[in-house]
Amino acid sequence: ARVPPRDARVSFPHAARAPRLVARGTSAWCRDRCREKGVLEPDAFARRRGFRRGRTRRGRFLGMPPLRDAHAFEISPGVRMPRLGLGTFKVRGEDATRVTLAALRAGCRHVDTASCYRNEAAIRDAIDAWNDETNAEFSAADETSAAVFLTSKLAPSEMGDLARTREALFEMLARLGCLDAREHGGSDDEDAETRVAPQKPLDLLLIHWPAKAGAAPDDASHAAARRDAWYVLERARDLGYVRAIGVSNYTASHLKEMRDDVENVSEENTGTLPQRKKSLPCVNQVELHPRCQQKELRALCAELGVGVVAYSPLGCGELLSDPRVVRCADLIAKELRLDRVTPAQALLAWSLRQEGVVAAVVKSGDPKRAAANVGKEGLAFALRLALNASDGAFGELDEMDDGTHFCWDPSVVR
């Protein structure tokens with residue numbers, strides 16, 4: 001097959017390892033041949049704001065990741081998060097092991113769990129089994145295809161008390177295989193944290209919800225609980241137990257609170273701790289889909305240099321039968337000359353092309369469906385749609401935003 005002449009190719013800023021791009025003016029025949037070979041057309045993305053990269057005052061890049069970061073995004077120095085992950089909410093026991101193992105076999109390298117999911121040990125079993133199958137030793141610091149990026153979260157019931165939060169952290173790390181064992185002495189002394197060296201650092205640790213358990217949503221004590229829990233996460237990162245830290249379900253007001261705590265040190269706003277926060281979160285994992293686009297929150301995250309991780313990108317399955325989503329999938333298939341694009345594939349592509357979104361987490365309890373959605377081929381196909389389909393093809397999805405939450409609405413938390 002013919003390839004375009006050298007003068008027909010254009011480069012892209014900051015994309016030394018990016019795929020070749022076919023310049024405007026290339027013949028339709030040549031464009032088709034190049035598309036088959038994986039050479040991308042600039043018309044599909046050059047006008048898209050997501051690819052206009054700028055820096056915040058904190059030095060992080062904004063907008064959609066460049067082409068060289070299409071499959072993974074650096075959320076913290078040296079920590080690259082695969083852009084599509086397996087969600088495991090409500091999947092427990094042997095089912096969790098089967099689904100996770102099927103996704104790993106299909107090429108998925110990003111698994112999302114949480115303390116309150118009660119499936120961390122089962123997921124660890126799946127990762128161990130996959131490592132045994134492939135002879136690939138798990139290493140969180142390794143960025144080869146053998147490494148599995150693992151995310152977990154502290155539960156609301158584990159917030160509100162420093163000693164309980166520290167203990168919950170070590171128990172979580174033990175369940176995930178990041179620690180062999182720990183001496184449980186019940187001490188709340190910070191020096192006790194250094195007694196056990198981490199065997200394998202956890203890739204990403206989040207605060208699951210911006211409130212502690214057992215208190216009304218408008219209780220003023222939630223702010224102190226958030227600050228104390230964040231201090232424990234920072235301490236865990238500094239000691240090498242985790243590689244990156246972040247939050248989940250934080251609204252704009254919660255993030256502004258964190259920003260103010262970093263910039264304005266005060267004894268009155270540090271909870272039970274005299275120390276100040278040293279950093280803002282790497283990511284904020286929030287519900288995000290066409291009916292809940294969180295535009296204002298994403299704009300604030302971009303301003304603060306916080307990446308957005310989208311969960312429930314399929315709207316908990318409610319959007320798969322929405323006529324607007326079905327029409328969008330058909331339009332993308334027609335535009336890109338594909339036999340078929342499913343509603344799920346269209347929704348995943350829409351999520352990955354949103355400004356500020358560094359990754360999406362897709363929950364599935366069915367091994368085959370999980371492998372198809374988040375496996376290597378599923379990610380490659382979603383990225384192909386996100387990069388090559390026009391803005392017009394996704395136009396109807398862009399207009400669906402009505403603020404609907406299919407999961408939980410954290411705006412009620414003070």
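Here are a few things to note about the model shown:
- Applied to the range 343-360, the Karplus parametrisation 6.51 cos²θ - 1.76 cosθ + 1.60 on θ = phi - 60° returns per-residue 3J(HN,Hα) values of x, 4, 5, 5, 5, 5, 5, 4, 5, 5, 8, 6, 5, x, 7, 9, 6, 10 Hz, with x for Gly and Pro.
- In this structure, the pairs whose alpha-carbon distance is over 20 Å, taken from Lys212/Lys363; Lys200/Lys376; Lys90/Lys368, are Lys212/Lys363; Lys200/Lys376.
- Rounded FRET efficiency, nearest 0.05, which uses the C-beta distance separating Asn131 from Lys334 and R0 of 41 Å: 0.45
- Rounded to whole Hz, the Karplus (6.51, -1.76, 1.60) HN-Hα couplings of the range 116-122, x for glycine and proline: 7, 6, 6, 9, 4, 5, 5
- Where the alpha-carbon atoms of the range 302-414 are placed on the principal axes, they occupy 49, 33, 29 Å, in descending order.
- Protection-proxy order for peptides 152-164, 210-222, each taking the mean of Cβ atoms within 10 Å per residue, highest first: 152-164, 210-222
- Per-residue ³J(HN,Hα) for the range 205-217, Karplus 6.51 cos²θ - 1.76 cosθ + 1.60, θ = phi - 60°, Hz, x for Gly and Pro: 10, 10, 7, 5, 8, x, 9, 8, 6, x, 9, 5, x
- The stretch between Asp398 and Ala163, if pulled fully straight at 0.36 nm per residue, gains 80.1 nm over its current Cα-Cα span.
- Shape class for the range 333-394: oblate, because the ratio a/c of the largest to smallest gyration tensor axis (alpha-carbon atoms, square roots of eigenvalues) is 1.5 or more and b/c is at least a/b.
- Remark: the Glu263-Lys376 segment gains 36.5 nm on full extension, using 0.36 nm per residue and subtracting the alpha carbon distance.
- Scanning residues 5 or more positions from Phe149 or on other chains, those with amide H under 5 Å from its amide H are His110, Val111, with H placed 1.01 Å from N in the peptide plane.
Any read-out appearing in this document is the output of simple, stated calculations on the displayed coordinates, not a laboratory observation. The structure displayed is predicted, hence computed values, not measured ones. No Cβ is skipped: glycine too gets one built from the backbone with ideal geometry, and neighbour counts run over all protein chains shown.
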